[in-house]
Every structure is written in structure tokens, then in C-alpha cells.
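Data block below; observations after.
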Amino acid sequence: MSYLSHTNRPKLELHLHLEGAAPPAFIRGLAREKHLDISGIFDADGHYKYTDFWDFLRVYEAATAALKTPQDYHRLTLAVLEESAKSGVIYTEAFISPDFCGGRDVTAWREYLHAIREAADIAQATMGITLRGIVTPIRHFGPEKARETALCAAETAGDWIVGLGIGGDEKSGHLSDFKWSFDCAQEAGLHLTAHAGEWGGPDSVRSAMNDLNVTRIGHGVRAIEDLALVDELAEKGVVLEACPGSNVALGLYLSIRKHPINDLYKRGVKVTVSTDDPPFFHTTMQKEYENLHAAFDWDDAFFDQMAKAALDAAFCDADTKTRLDKILEQANA
Ligand code: ADE
Ligand code: ZN
């Protein structure tokens, strides 16, 4: 099948930043309610405005100024899941940062989490989309804050908080600086992923695997610059949370056609597709599918097996996987 029916295929997304998925109109509405002037982060059309990755990080953090309470995160979660469900997403793992949810204070973090989970339950019941959380230190906030974040993660690890990740400026410090945090999370039973191989090269990907012991890598696509590393990823079954639209929007690759996702796949690496921060990059899961179809002729059968690979790599429990697998099977029948 090569026609564009990707719209209604059930999709799983493993790499989505909760704040990064905030529709700009939603953030503007919150800012208005709170009499905050953050108009400088929007362009004339109301989209987020930034010049490069580092400016994107600044704008991202400026937007979080409007997210001040657990109730704001409740509303944010509903707004984000509504958008994802429109693309046919049935399962999402969202990066959530205690840095923005209560300043890494465990008591406050629990309140934010409670509000987010309540919204997720509503979305599950009304939109059929399942959300799980990955706690995420921000790399450029430094290893000390990451430790506090990891402690928040360990305190709330379970069937809903399922992992620890790390995002932010990949050029800040070294991933091994965060080993304590990742060890702490692993001891608490959390799965591990890290942003690497986006703004850093193959060494960064190696460090994520060897220093932090991750089973998945956020982006990881610059592994293509070292074919021995590509072979190692394939051999070890490390899963890449590729976000092609994000990489193109941020100028890492000139076009989807020039993106290495297809080469990585052909060399045996387990690749999945996500949006990262969809409104920032003018993307949705549906658009990602359509763009990949146009660039590499990936068809429904291909996307369906990729959804299975994403389910396999998901950090949720076995019962949730069985339930989601039934949805995938029904759609393929
Ligand atoms: N935080 C949000 N999006 C990110 C990205 N693409 N890379 C690193 N940190 C991020
Ligand atoms: Zn990301």
C-alpha cells in the first residue's frame, strides 16, 4: 500500500517534551491570565520565534514562565494530548521536568504529577490515548540539580513514571557528569534514555550507552558519522528516538530526504519516530509520517512494524503493552 492512509494508523510516540508540545495559543492564554508579558517569544503569526537550537532552549524556558501551578500542567496535559490524539497517537511518553514542576521539591513535584496524571486519565477515557512520564533533568542546569531531579524521579517511580531522560544543551558538560543521577534512577527501577547524537557526535552516543547505561537514545542520529558505532547500536538493539522534523527545523539536516533515519534503519538500527516539540517545529506525528512517506516511500506496512518496534521499546509495563498491542493488531486486521 502506498497511498497516504497514515492518518488513521495508530501511532506510538516515545519522545515528546510536555512543555515543548504546548500550543503557543495555550501559553499566550495562560500568560494573559497571569498578566505576564512574554510576547517577545512569538512571531507575528503567533508561532514560537527562535533563531537556532540555543535560542530555542531560551524560548522554551521563557514559555514555561506561564506554567506556574499544578492546575496549569493539568490543562497543558489535556491540550497536548488532544493534539496528539488528532494524529492517531495511542501512546505517548512525555519528558517532564521537576525543574519546571515545583523547582525539584519532592512534595511540590508530587502535586504536579497528580494533576498531570488526572488529566492523563481524562484523556485516556475520552480520547483513547495513554500517557506515561519520563523525568528529565535539564543538562545545562548542571549535575547538582540533576541529582535533585533524579531523587524526585526515584520517589515517584512506578507504573506511571517509567523512566529518566536528560535533555537540554548537549554541548554543556559531559554526560558522565550525570552518572550518579542515572544510577539512582536505575536502582529505583526506572528505564533510561538520554539526548545524545543531536548536537554532539558519535562520542556523545557512546557516552550515553557506556556511561549512563541507556537502552534508548533521544535522537542519536549522528551515530551515522561512525559506522562502527552504527553496527554497535544495531548489535545491542539500542533504540533511537528519531525526530526528523525537529532535526530539520533546527538546521541539523537540510531536508528529511537528507536525514539519516533511513540509512540507520537499513543498517539494522532500531529506529522510531517522534515529534520532540511539535508546535516549535511546525510538525505533528501525522506530518512526520507523511514526510517520511514522501522522502523514503515508507508505507503503511513499514509504519505498522515501526509502531510495533516502538511498543517493544516503550518503558510501560507488560499489561499496558498487551492492551496497546491489541489496538495495533485490530488496526492491521
Ligand atoms: N528539550 C526540548 N527539545 C530538545 C531537544 N531537541 N534537544 C535537547 N533538549 C531539548
Ligand atoms: Zn527532545
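The values are calculated or read from the model by the stated rules, or taken from the named source; none is laboratory data. Computed from a predicted model, the values in this text were never measured in an experiment. Positions of Cβ are generated from backbone atoms using ideal geometry, with glycine treated the same way; all protein chains shown enter the neighbour counts. SASA here: full protein model, heavy atoms, side chains in, ligands and nucleic acids out. Shrake-Rupley method; radii C 1.70, N 1.55, O 1.52, S 1.80 Å.
Here are a few things to note about the model shown:
- A residue that is more than 16 Å from ligand 1 (Cβ to nearest atom), assigned to a strand (DSSP E or B), open to solvent by less than 40 Å² (accessible area, probe 1.4 Å) and in contact (Cβ under 8 Å) with a residue 24 or more places away in the chain can be found somewhere in region 132-144.
- Within region 300-333, the only residue that satisfies the criterion of being without any contact (Cβ under 8 Å) to a residue 40 or more places away in the chain, under 24 Å from A234 (Cβ atoms) and either touching a Cys at 6+ places or on another chain (Cβ under 9 Å) or among the aliphatic types (A, V, I, L, M) (or both) is M306.
- Some residue of region 44-56 being touching a His at 6+ places or on another chain (Cβ under 8 Å) and open to solvent by less than 30 Å² (accessible area, probe 1.4 Å): no
- The listed residue being of a type in the set (G, A, S), at pLDDT 95 or above, under 23 Å from F56 (Cα atoms) and in contact with an Asp or Glu (Cβ under 9 Å, 6 or more places away or on another chain), out of G168, G197: G197
- Condition check for Y91: farther than 16 Å from T275 by Cα, surrounded by 17 or more Cβ atoms within 10 Å (Cβ to Cβ) and of a type in the set (F, W, Y): no
- Filtering region 265-287 to residues that are part of a helix (DSSP H, G or I) and either open to solvent by 10 Å² or more (accessible area, probe 1.4 Å) or out of contact with any Lys or Arg (no Cβ under 9 Å at 6 or more places or on another chain) (or both) leaves Y265, K266, Q286, K287.
- There is at least one residue in region 147-165 that is under 15 Å from the mean Cα position of the chain (by Cα) and assigned to a loop (DSSP other than H, G, I, E, B).
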